[in-house]
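Each remark here refers to the structure printed beneath this line.
The values are calculated or read from the model by the stated rules, or taken from the named source; none is laboratory data. What you see is a predicted model; the values in this text were computed from it and never measured. No Cβ is skipped: glycine too gets one built from the backbone with ideal geometry, and neighbour counts run over all protein chains shown.
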Amino acid sequence: MMDTNHPAGVLAPDGRPLAADRDSAAAGGDGTETGPTPAWDVAAIRARFPILSREVNGHPLVYLDSAASSQQPLRVQDRVERYLRMQHANVHRGVHQLSAEATEAYEDARLAVAAHAGTPDPSEIVFTRGTTEAVNLVASSWGGAFVGPDDDIVLTKMEHHSNLVPWQLLAARTGCGLHFVDVTAEGRLDLDDLDRLLKRRPRLVAFTHVSNSLGTINPVREIVARAHAAGALALVDGAQAAPHLLTDVTRLGCDFYAFSGHKMCGPTGVGALWARRELLEAMPPYQGGGEMISEVTLEGSSWAKPPAKFEAGTPNISGVVGFGEAARFLADLGREALASHEDALTRYALGQLGAIEGLRLYGPRRGRTSVFSFTYGDVHPHDLSTILDQRGIAIRAGHHCNQPLMDHYGIAGTARASFYLYNSAEEIDALCDGLAMAAEVFHGIS
């Protein structure tokens, strides 16, 4: 049975416990919880998400797959619809009213996303199709310009494929070396192994802020400081952190930070790369076309200033508008209140899931977010997901785009339940009841 004597502890970017966790520690809490604090009105929050009122297979929907894609509140949907119905036009350069309104909405979204990331300079925000394209942009542009066959890049064994495959492609093009920080038995990065690899004086250290499989919150500021001391730049995959933590790129000290809209109550197909201004200015364009140029002749072209230099062609305007509204929605809810609610959910889930005989949870007990990957005896994760779906409970099953991490644990995949701002303790109970039903179906679980 799992040790639940320690609270999970959602942390601020610099590793400090958030207010709720500090209070819990001061009170001498033993990590057992009856559920999220009443101050967070889950019913009122859920009422803002139309999809959460539907049924699946005759049961109320219990949506526990927000790590893959969160749901969108009506506020975000309404803002996108208003743009499409009343403001749609191409952005920039147009001098007519609709183009001016569309441009204003687009750039207002950049302001909101910049505030969410913690940068005072919105020109450091480049809109992309998501975290994946943001990492590919850095690998192709910065990597293509500044990485050669004698250089090394340090990654980790817990990376999502989106922060692994782009660097493999770069290595195939340039001949650079790729090296990987090991993962401890607890599910944390082995910082001693990081120090060993930093002796190679790599050009870049690229790593995830929060593991999408283990829920581990990595010590970003410490890793960045060590990378910089070794002469390396630092790229952070913030896809799983930006929806949950008080991200602040200025405090983190990193050089690149990538995140997605669809994991933080926004539309799919839109995200952002934050990068230090001087890096964006030094990097060559990622793609060529309209918008990203200053002047074009038949003989050659010059480039617009960032971020336009990296936003070639007509962008996903409606997606960006929705992304900005999602950032404002989270800000209005209160980021620290949200984190406190999730902290309570995390501790409650640790206790409830940890009490299930035969269930193995992966990842640390403290310093984690509300992502829970697990195996249950010999039941295949896909079978677990199918049985739970019959009760309206949506979880994910598979390797979660983390095949090297699954190989590290000697498994093909896990079931994964992930909680967000609209989830409740009752839904954790529903998950546990569903797992009990699975045990009856697949009797003989050890």
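Here is a check on your reading of the model: is ALA100 part of a helix (DSSP H, G or I), farther than 25 Å from ARG48 by Cβ and either at pLDDT 95 or above or under 27 Å from the mean Cα position of the chain (by Cα) (or both)?
yes
Going by the conditions given, is ALA425 over 18 Å from GLU440 (Cβ atoms) and over 22 Å from the mean Cα position of the chain (by Cα)?
Yes.
So is ARG360 among the basic types (Lys, Arg), touching a helix residue (DSSP H, G or I) at 6+ places or on another chain (Cβ under 7 Å) and either closer than 28 Å to VAL183 by Cβ or modelled with pLDDT of 95 or more (or both) or not?
Details: among the basic types (Lys, Arg): yes; touching a helix residue (DSSP H, G or I) at 6+ places or on another chain (Cβ under 7 Å): no; either closer than 28 Å to VAL183 by Cβ or modelled with pLDDT of 95 or more (or both): yes.
Answer is no for this residue.
If you take the residues of region 43-79 that are under 22 Å from the mean Cα position of the chain (by Cα) and β-branched (Val, Ile, Thr), which of them is nearest to ILE428 (Cα to Cα)?
Across region 43-79, the extreme among qualifying residues is VAL62.
Looking at CYS265 and the list (1) surrounded by fewer than 24 Cβ atoms within 10 Å (Cβ to Cβ); (2) more than 23 Å from PHE146 (Cβ to Cβ); (3) out of contact with any His (no Cβ under 7 Å at 6 or more places or on another chain), which single condition is not satisfied?
(1)
Give me a count of the residues in region 283-329 that are charged (D, E, K, R) and at positive phi. Walk me through it before giving the result.
Let us first name the residues in region 283-329 that are charged (D, E, K, R), namely 291, 295, 299, 305, 309, 311, 325, 328.
Those still in the list that are at positive phi too: 291.
Result for region 283-329: 1.
Any residue in region 367-384 that is hydrophobic (A, V, I, L, M, F, W, C) and under 30 Å from ALA44 (Cβ atoms)? Can you show your working first?
Here is the first cut: in region 367-384, the ones hydrophobic (A, V, I, L, M, F, W, C) are 371-372, 374, 379, 384.
Going one step further and asking which of them are under 30 Å from ALA44 (Cβ atoms), we end up with 371-372.
Within region 367-384, one or more residues are hydrophobic (A, V, I, L, M, F, W, C) and under 30 Å from ALA44 (Cβ atoms).
Working carefully through the options GLU281, GLU299, find the one that is in a loop (DSSP other than H, G, I, E, B) and either without any contact (Cβ under 8 Å) to a residue 40 or more places away in the chain or in contact with a His (Cβ under 9 Å, 6 or more places away or on another chain) (or both). Before the answer, list the steps.
On the way: GLU281 fails: in a loop (DSSP other than H, G, I, E, B).
Result: GLU299 is the single residue among GLU281, GLU299 that is in a loop (DSSP other than H, G, I, E, B) and either without any contact (Cβ under 8 Å) to a residue 40 or more places away in the chain or in contact with a His (Cβ under 9 Å, 6 or more places away or on another chain) (or both).
Within region 322-339, track down each residue that is of a type outside the set (D, E, K, R) and touching a Leu at 6+ places or on another chain (Cβ under 6 Å). Don't jump to the end; show me each part of the working.
Taking region 322-339 and keeping what is of a type outside the set (D, E, K, R), we get 322-324, 326-327, 329-331, 333-334, 337-339.
LEU338, ALA339 - these are the residues of region 322-339 that are of a type outside the set (D, E, K, R) and touching a Leu at 6+ places or on another chain (Cβ under 6 Å).
Across region 214-232, what is the number of residues that are in contact with a helix residue (DSSP H, G or I) (Cβ under 6 Å, 6 or more places away or on another chain) and surrounded by 24 or more Cβ atoms within 10 Å (Cβ to Cβ)?
Here the count works out to 1.
Consider region 302-328. How many of its residues are free of Cβ contacts under 8 Å to residues at least 60 places away in the same chain, more than 14 Å from PHE127 (Cα to Cα) and among the hydrophobic types (A, V, I, L, M, F, W, C)?
2
Please determine, by comparing only the residues of region 212-242 that are in contact with a Gly (Cβ under 7 Å, 6 or more places away or on another chain) and part of a loop (DSSP other than H, G, I, E, B), which one is nearest to ASN402 (Cα to Cα).
LEU214
Okay, residues lined up against (1) in a loop (DSSP other than H, G, I, E, B); (2) modelled with pLDDT of 95 or more; (3) touching a strand residue (DSSP E or B) at 6+ places or on another chain (Cβ under 6 Å):
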site: THR4; (1), (2), (3): yes, no, no
site: ASP23; (1), (2), (3): no, no, no
site: GLY29; (1), (2), (3): yes, no, no
site: GLN77; (1), (2), (3): no, yes, no
site: TYR83; (1), (2), (3): no, yes, no
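Among the residues in region 276-287, are any of a type in the set (Phe, Trp, Tyr), under 26 Å from LEU189 (Cβ atoms), assigned by TED's automatic domain parsing to the domain that holds ASP152 and in contact with a helix residue (DSSP H, G or I) (Cβ under 6 Å, 6 or more places away or on another chain)? Spell out how you get there, then give the answer.
Step one: list which residues in region 276-287 are of a type in the set (Phe, Trp, Tyr), which gives 286.
If we keep only those that are under 26 Å from LEU189 (Cβ atoms) as well, we get none.
No.
Going through THR128, THR184 one at a time, which residue ends up being within 26 Å of VAL371 (Cα to Cα) and surrounded by fewer than 23 Cβ atoms within 10 Å (Cβ to Cβ)? Don't jump to the end; show me each part of the working.
Details: THR128 fails: surrounded by fewer than 23 Cβ atoms within 10 Å (Cβ to Cβ).
Just one listed residue meets the conditions, THR184.
Among residues belonging to region 169-203 that are touching an Asp or Glu at 6+ places or on another chain (Cβ under 9 Å) and of a type in the set (Gly, Ala, Ser), point out the one that is nearest to ALA234 (Cα to Cα).
Residue satisfying both the conditions and the ranking: GLY177.
Scan region 191-240 for residues that are touching a residue at least 40 places away in the same chain (Cβ under 8 Å) and among the basic types (Lys, Arg) and report the count.
4
Can you tell which of GLY148, GLY177 is surrounded by fewer than 21 Cβ atoms within 10 Å (Cβ to Cβ) and closer than 27 Å to THR216 by Cβ? Give the steps one after another, and end with the answer.
Working: GLY148 fails: closer than 27 Å to THR216 by Cβ.
The unique qualifying residue is GLY177.
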